[in-house]
Amino acid sequence: MAISSRTASVKLDSRKRHTLTTEILPVEVQSGDITGFHVWLPMPTNDADRLTQRLAAMGVIMMWPKAALVDPETLNSGIRISIGSPTTENLQQALSIIGGFVTADGQLKPMDEPRV
């Protein structure tokens, strides 16, 4: 496979994964580039820490929110979601679990609120 053909294939896969992400998550994510394999789910750092813990309990492993921060004291970090590594099936499952913990405006749902 030629390099340009491989590059086009990777870009197409990334676009498909971005589309899947926007279809499943109830909130808009931030992405610097649609051909990238990471998106950000913005939220306060404390909520991001709690979400990471909840996700770990469900088998969805995320990078700790403060790990990518330049200033570890910042009040807003969000969650960095890797959409490139998992299989499409695993990505769908993980995004569905993540989506069950956040509201449409990007807030963390209370623990006692049922996930949909």
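Values in this text are rule-based calculations from the coordinates and carry no lab data. Small disclaimer: the values here were computed from a predicted structure and weren't measured. Cβ placement follows ideal geometry from the backbone for every residue including glycine, while neighbour counts extend to all protein chains displayed.
Of Ile34, Ile81, which residue is within 24 Å of Thr7 (Cα to Cα), crowded, with 16+ Cβ neighbours inside 10 Å and β-branched (Val, Ile, Thr)?
Just a single option satisfies the conditions, and that option is Ile81.
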Subject >> Subset of the stretch 37-67 (residues that are part of a loop (DSSP other than H, G, I, E, B), in contact (Cβ under 8 Å) with a residue 24 or more places away in the chain and either basic (Lys, Arg) or over 13 Å from Ala94 (Cβ atoms) (or both)) >> reply: Phe37, Pro42, Met43
**OP:** Please list, ordered by first then second residue, the pairs with beta carbon atoms under 8 Å, 6 or more apart or interchain, first in the stretch 85-114 and in contact (Cβ under 8 Å) with a residue 40 or more places away in the chain and at positive phi, second outside any loop (DSSP other than H, G, I, E, B) and surrounded by 13 or more Cβ atoms within 10 Å (Cβ to Cβ).
**Re:** Gly106/Leu41
Original post:
Considering the stretch 66-78 alone, what residues qualify as being in contact with a Ser or Thr (Cβ under 6 Å, 6 or more places away or on another chain) and either within 23 Å of Ser9 (Cα to Cα) or crowded, with 16+ Cβ neighbours inside 10 Å (or both)?
Top reply: Ser77
Subject >> Those residues of the stretch 4-23 which are free of Cβ contacts under 8 Å to residues at least 24 places away in the same chain and among the small types (Gly, Ala, Ser), in sequence order >> reply: Ser4, Ser5, Ala8, Ser9
**OP:** Considering every residue within the stretch 80-99, establish whether at least one is farther than 22 Å from Asp13 by Cα, in a loop (DSSP other than H, G, I, E, B) and not aromatic (Phe, Trp, Tyr).
**Re:** no
Subject >> Enumeration of residues in the stretch 41-51 that are surrounded by 17 or more Cβ atoms within 10 Å (Cβ to Cβ) and either within 17 Å of Thr103 (Cβ to Cβ) or of a type in the set (A, V, I, L, M, F, W, C) (or both) >> reply: Leu41, Met43, Pro44, Asp47, Ala48, Leu51
